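A.B. asks: Structure below; questions to follow.
The values are calculated or read from the model by the stated rules, or taken from the named source; none is laboratory data. Remember, it's a predicted structure, so these values are computed and weren't measured experimentally. Note that each Cβ is placed from the backbone with ideal geometry, even for glycine, and that neighbours are counted across all protein chains shown.
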Amino acid sequence: MSFRQLGDSGLVVSVAGLGCNTFGATLPPQDVPALVTAALDAGITFFDTADVYGGVPGQSEELLGAALEAHRDDVVIATKFGLDTGGLNGPDWGVRGSRRYVRRAVESSLRRLRTDHVDLLQMHAPDPVTPIEETLAALHELVVEGKVRYIGSSNFAAWQVVDADWSARTAGATPFVSAQNRYNLLDRSAEAELVPAAEQVGVGLIPFVPLASGLLTGKYRRGQAAPDGTRLTRMPERLARADFDRIEALESLAGSWGIDLPTLALGGLAAQPAVATVIAGARTPEQLRANVASIAWEPTLEQLAAIDEAAPGPSA
């Protein structure tokens, strides 16, 4: 396993992370310990969850906290706040960036995670009501108290990432060190503004849906229904909209290099500028180990150029 600095911070994370959004949802609770153990054995140190994840909100944090309790000093736990949890963190009236709500959400997450601090606390989405200065001040207080070590954003536009950085630095508050956004080799729209913004302000990117909701697994074929048991059987409209020209071009490249499509997709994404860690979910230890091996693939400059030609970004 290789490790990278998260943005310009002193936080070091494994280049392969484990996304825990399925814990208690599509991944049964009894299967979580074995998956987490497999992740630890594979060298993963970065575990990403949120207060809203699970079969019910909070369940993913509870399951992850129990599974990692004996390994707390060896891992980086990242969680999020800011989406509707159905009252899990108390009433919020749709305002989830306020000083009051932020503190209550964090203290609730700490209880569920069975820890006294969160290594990376991410704001899951911008709050259109609360000024970002108030949210950053509340987060800074939690950092000073030691309940949070680092903070980051999720689903922020590039201008919001830059605005938050400027607001934090001018106020002497803790700045965001990460941005978690949709980014994969099918959807490279983040490269238009977010990637340059992240590089400019020293924020590390944490791409989610790195396999494009399964479209980059090699399971789906042009003009064919989704195979039984796969994710897109529940989302036929996404399969109908899929860019199979790009998928097939990438798959052809992968075959010419003697690798499979997921390896090209995950390893190629991990090699992009500003990417700190690639979080991929898994249902089984075997799938997790395959993801780790895929992320470890390091394309040459010539291979990266070929990927750019087959699946160009927005500036191409």
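A.B. asks: For Gly90, state whether it is modelled with pLDDT under 95 and out of contact with any strand residue (DSSP E or B) (no Cβ under 6 Å at 6 or more places or on another chain).
C.D. replies: Considered against the rule, which asks whether it is modelled with pLDDT under 95 and out of contact with any strand residue (DSSP E or B) (no Cβ under 6 Å at 6 or more places or on another chain), Gly90 comes out as yes.
A.B. asks: Can you tell me which of (1) among the hydrophobic types (A, V, I, L, M, F, W, C); (2) out of contact with any strand residue (DSSP E or B) (no Cβ under 6 Å at 6 or more places or on another chain); (3) surrounded by 20 or more Cβ atoms within 10 Å (Cβ to Cβ) is the one Ala70 doesn't meet?
C.D. replies: (3)
A.B. asks: Let me ask another. Of all residues in region 20-41, which are at pLDDT 95 or above and either among the β-branched types (Val, Ile, Thr) or in contact with a Pro (Cβ under 9 Å, 6 or more places away or on another chain) (or both)?
C.D. replies: Of everything in region 20-41, those that are at pLDDT 95 or above and either among the β-branched types (Val, Ile, Thr) or in contact with a Pro (Cβ under 9 Å, 6 or more places away or on another chain) (or both) turn out to be Thr22, Phe23, Val32, Ala34, Leu35, Val36, Thr37, Ala38, Ala39, Asp41.
A.B. asks: Starting from region 103-115, keep only residues that are closer than 17 Å to Leu63 by Cα, then list their pairs with residues that are basic (Lys, Arg) and crowded, with 22+ Cβ neighbours inside 10 Å whose Cβ atoms are within a distance under 9 Å, requiring at least 6 positions of separation or different chains.
C.D. replies: Ser109/Lys80
A.B. asks: Another one. How many of the residues in region 272-316 are in a loop (DSSP other than H, G, I, E, B), among the charged types (D, E, K, R) and in contact (Cβ under 8 Å) with a residue 60 or more places away in the chain?
C.D. replies: 1
A.B. asks: Quick one: is Arg221 part of a helix (DSSP H, G or I), modelled with pLDDT under 95 and not polar (S, T, N, Q)?
C.D. replies: no
A.B. asks: Could you list, in sequence order, all residues of region 162-198 that are touching a strand residue (DSSP E or B) at 6+ places or on another chain (Cβ under 9 Å) and of a type in the set (D, E, K, R)?
C.D. replies: Asp165, Arg182
A.B. asks: Of all residues in region 164-174, how many are farther than 14 Å from Glu199 by Cα and in contact (Cβ under 8 Å) with a residue 24 or more places away in the chain?
C.D. replies: Qualifying residue count for the region: 6.
A.B. asks: Let me confirm something: among Arg222, Arg238, which residue is touching a helix residue (DSSP H, G or I) at 6+ places or on another chain (Cβ under 8 Å), in contact (Cβ under 8 Å) with a residue 24 or more places away in the chain and exposed (fewer than 14 other Cβ atoms within 10 Å of the Cβ)?
C.D. replies: Sole residue among the options that is touching a helix residue (DSSP H, G or I) at 6+ places or on another chain (Cβ under 8 Å), in contact (Cβ under 8 Å) with a residue 24 or more places away in the chain and exposed (fewer than 14 other Cβ atoms within 10 Å of the Cβ): Arg222.
A.B. asks: Pick from region 243-271 the residues that are outside any loop (DSSP other than H, G, I, E, B) and among the charged types (D, E, K, R): which of them is surrounded by the fewest Cβ atoms within 10 Å (Cβ to Cβ)?
C.D. replies: Residue satisfying both the conditions and the ranking: Asp245.
A.B. asks: For region 27-65, name all the residues that are outside any helix (DSSP H, G or I), free of Cβ contacts under 8 Å to residues at least 60 places away in the same chain and of a type in the set (A, V, I, L, M).
C.D. replies: Hit for region 27-65 is Val56, nothing else.
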